[in-house]
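Notes follow the structure.
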Amino acid sequence: MKVKKEKSLEQREEKALEAVARTLKSQYPVEEIILFGSKARGDHDVFSDIDILVVTTTPLHWREEKAIVETLFDIGMTHDVIFTPLFASKEEWQGGLFAQFPIYAEILRDGAIIT
């Protein structure tokens, strides 16, 4: 997996991702955030959202996931972007059930680590 590609994102998107990383890492057991999808591949258009995988040290309760989605919405509104998150604990990401889904291979191939 590669490190974030600065050139494929607009400045407001970069700032939004920085705010997401800073906020989520300070409030939740977030190990890393991975950008994937069209923004990571560089084939996005003006209507594309920002797909992120939030990998946590421990599984999240649904209330924590809901709170993170609300935080992402607030940051998105501030920076005029839309986030679409996926959540996985480190254990789920590194060989659990998540690895059985096609999106897993896509994220490994195209993903860019934000934090």
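The values are calculated or read from the model by the stated rules, or taken from the named source; none is laboratory data. Note that the coordinates shown come from a computational prediction; the quantities given were computed from them, not determined experimentally. As a convention, Cβ positions derive from the backbone with ideal geometry for all residues, glycine included, and neighbour counts pool all protein chains shown.
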- Item | Residues being among the hydrophobic types (A, V, I, L, M, F, W, C), at pLDDT 90 or above and closer than 15 Å to V54 by Cα - total across the stretch 94-108 | 3
- The one condition in (1) within 16 Å of I33 (Cβ to Cβ); (2) in a helix (DSSP H, G or I) that A99 fails to fulfil: (1)
- Query: Taking the stretch 68-99, which residues are closer than 16 Å to T23 by Cα, without any contact (Cβ under 8 Å) to a residue 24 or more places away in the chain and of a type in the set (A, V, I, L, M, F, W, C)?
  - Reply: V69, F73, M77
- Task: Kindly provide the set of residues from the stretch 12-48 that are surrounded by fewer than 16 Cβ atoms within 10 Å (Cβ to Cβ), small (G, A, S) and part of a helix (DSSP H, G or I), ordered by number.
- Result: S26
- State which residue is modelled with the lowest pLDDT when the search covers only the stretch 49-90 and only residues that are among the charged types (D, E, K, R) and not in a loop (DSSP other than H, G, I, E, B). K90
